[in-house]
């Protein structure tokens, strides 16, 4: 029985109050080509126009009945505003997300323009958030995200310089990551001030398939803790890839919820963290929504819920070429199977639902 | 000291230099190998590459992570730069005279895994045509045809760029079905490799090391090299 608005449902999920059923949303890109084609535009256009960015997020949410709309879609808005450029692949036939064409080659070259928030496509994202806020009329939740300091650093400086620096120039790297932390806080606070309903910090480049748990504690944990203590709730920490060895440290950063991908053993994470921590995840969006037969999607989503997530989140962006029938199966299964309580979030009793 | 003992000592020192991320030690030992008139090829395969094999195992057991892999690779290159010009063509044999085209596909600028695989191909004596990163798909096909390379190695870190690999596989196989195609990157699985019609895969930097090592090991076996 659906009795709450999407926005109420998501707000209460993050405060761990009882809800009517599990919301269908994500902390990362959820735009689909179905929506983009419906608008009569091409994928590269959604990154450069506030109207197309907001429109495609809203159209996707409406097409599939999502509880939220999320912008932006690409990870180059800040690097571009800092002068590193953005390859938009405007002529590409296939879906290609923008990339950073010219990273700084050394930490010494890095120069942060104090006015970066007004440069390049930063105002486009601001405007898209304002437009979404206006068009959702307080019904849908509005989500956004900022890269975490370690991942942001990897978007600005060559990744091998960064990773080797962790072993060779510890203090220099720590100084740079502190600078990145301030920058992430500035962007994230700005989006919160624009009125987003939830905000993810995507520290995707810091899983233990890349750096060790010890390095994570040294270079990532403290900075994330500072970020979450500087932001309003609700916030989510998302890390994709291997997270089993760092899940407890992730929980200590102060984020309101943790988002993990399919590599995380949620049953084990739940045992480690207990039932009061919000865990979001953890299906493989490409495999489930693009490759799989639609009839198999239900099993994947049910497994996530059975293993103990509080909301079923894709482990990464929903791939824009997701198959319509698969996304529909994802939404349907979350709504139906998500009627029962999750470990951290109860459900409104049936009687109360009728009253409200 | 007998030359055999010296060879073993140097090979162990080179292997240790790679494992311990010690560029200076790799450089110094490589120089000694040349000064003593020992086989540069043997030192590369049974010293440096053997060390990288241990590094791959340390990565698998979560003792080493990507930063360590990169520093081990730097040590390997430090030794390789000195030894490579001294390889005698007759030592390499026919099996390692192959050529490989390598690159990260369009839309992807992650190249750590690609660079590690490239290094292992170089160790094995292949001529490597590195197209870099964010490479337009057609360029792989053109470079393979131009160089008549035996292997094309494609890397994609993200699911969003992995689809480009399928096109490259189709384009190359249509022209020359005998070209071996290796796919690498986090989203690549055995199923994807089969679905795309490619011949091999590596899903992480560590796995890339392992895959390349398998290839190098096969080469060493063929040539009767010992550790």
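The values are calculated or read from the model by the stated rules, or taken from the named source; none is laboratory data. The model shown is predicted, which means the values in this text are computed figures rather than measured ones. Note that each Cβ is placed from the backbone with ideal geometry, even for glycine, and that neighbours are counted across all protein chains shown.
A few notes on this one:
- Residue check, residue B:43 assigned to a helix (DSSP H, G or I), crowded, with 22+ Cβ neighbours inside 10 Å and away from every other protein chain (no Cβ under 14 Å): yes
This table checks each residue for (1) farther than 22 Å from residue A:176 by Cα; (2) assigned to a loop (DSSP other than H, G, I, E, B); (3) within 14 Å of chain B (Cβ to nearest Cβ); (4) without any contact (Cβ under 8 Å) to a residue 60 or more places away in the chain.
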site: A:209; (1), (2), (3), (4): yes, yes, yes, yes
site: A:215; (1), (2), (3), (4): no, no, yes, yes
site: A:219; (1), (2), (3), (4): no, no, yes, no
site: A:236; (1), (2), (3), (4): yes, no, no, no
site: A:242; (1), (2), (3), (4): yes, yes, yes, yes
site: A:253; (1), (2), (3), (4): no, yes, no, yes
site: A:267; (1), (2), (3), (4): yes, no, no, yes
site: A:272; (1), (2), (3), (4): yes, no, no, yes
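For every residue, the table says whether it meets (1) out of contact with any helix residue (DSSP H, G or I) (no Cβ under 8 Å at 6 or more places or on another chain); (2) in a loop (DSSP other than H, G, I, E, B); (3) on the phi > 0 side of the Ramachandran plot.
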{"position": "A:3", "(1), (2), (3)": "no, yes, no"}
{"position": "A:24", "(1), (2), (3)": "no, yes, no"}
{"position": "A:34", "(1), (2), (3)": "no, no, no"}
{"position": "A:37", "(1), (2), (3)": "yes, no, no"}
{"position": "A:45", "(1), (2), (3)": "no, no, no"}
{"position": "A:54", "(1), (2), (3)": "no, no, no"}
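- Residue count for region B:187-198 satisfying the condition of being assigned to a loop (DSSP other than H, G, I, E, B) and in contact with a helix residue (DSSP H, G or I) (Cβ under 8 Å, 6 or more places away or on another chain): 4.
- Filtering region A:169-178 to residues that are within 12 Å of chain B (Cβ to nearest Cβ) and either part of a helix (DSSP H, G or I) or without any contact (Cβ under 8 Å) to a residue 60 or more places away in the chain (or both) leaves A:170, A:173.
- Test: residue in region B:160-177 that is facing chain A (nearest Cβ under 9 Å), over 12 Å from the mean Cα position of the chain (by Cα), in a loop (DSSP other than H, G, I, E, B) and at pLDDT below 75: no
- Wholly enclosed helices (runs of 4 or more DSSP H) of region A:287-356 bearing at least 1 residues within 21 Å of the chain's Cα centre (by Cα) and either more than 30 Å from residue A:37 (Cβ to Cβ) or in contact (Cβ under 8 Å) with a residue 60 or more places away in the chain (or both): A:294-307, A:324-337
- Restricting attention to region A:77-95 and to residues that are within 14 Å of chain B (Cβ to nearest Cβ) and touching a helix residue (DSSP H, G or I) at 6+ places or on another chain (Cβ under 7 Å), the residue that is nearest to residue A:60 (Cα to Cα) turns out to be A:95.
- Whether a residue is touching a helix residue (DSSP H, G or I) at 6+ places or on another chain (Cβ under 7 Å) and touching a residue at least 60 places away in the same chain (Cβ under 8 Å) was assessed, and residue B:38 does not pass this test.
- Looking across B:75, B:49, one residue alone is assigned to a helix (DSSP H, G or I) and either closer than 27 Å to residue A:154 by Cα or not assigned by TED's automatic domain parsing to the domain that holds residue B:12 (or both). It is B:75.
- From the options A:128, A:166, A:188, residue that is modelled with pLDDT of 95 or more and either in contact with a helix residue (DSSP H, G or I) (Cβ under 6 Å, 6 or more places away or on another chain) or within 14 Å of chain B (Cβ to nearest Cβ) (or both): A:128
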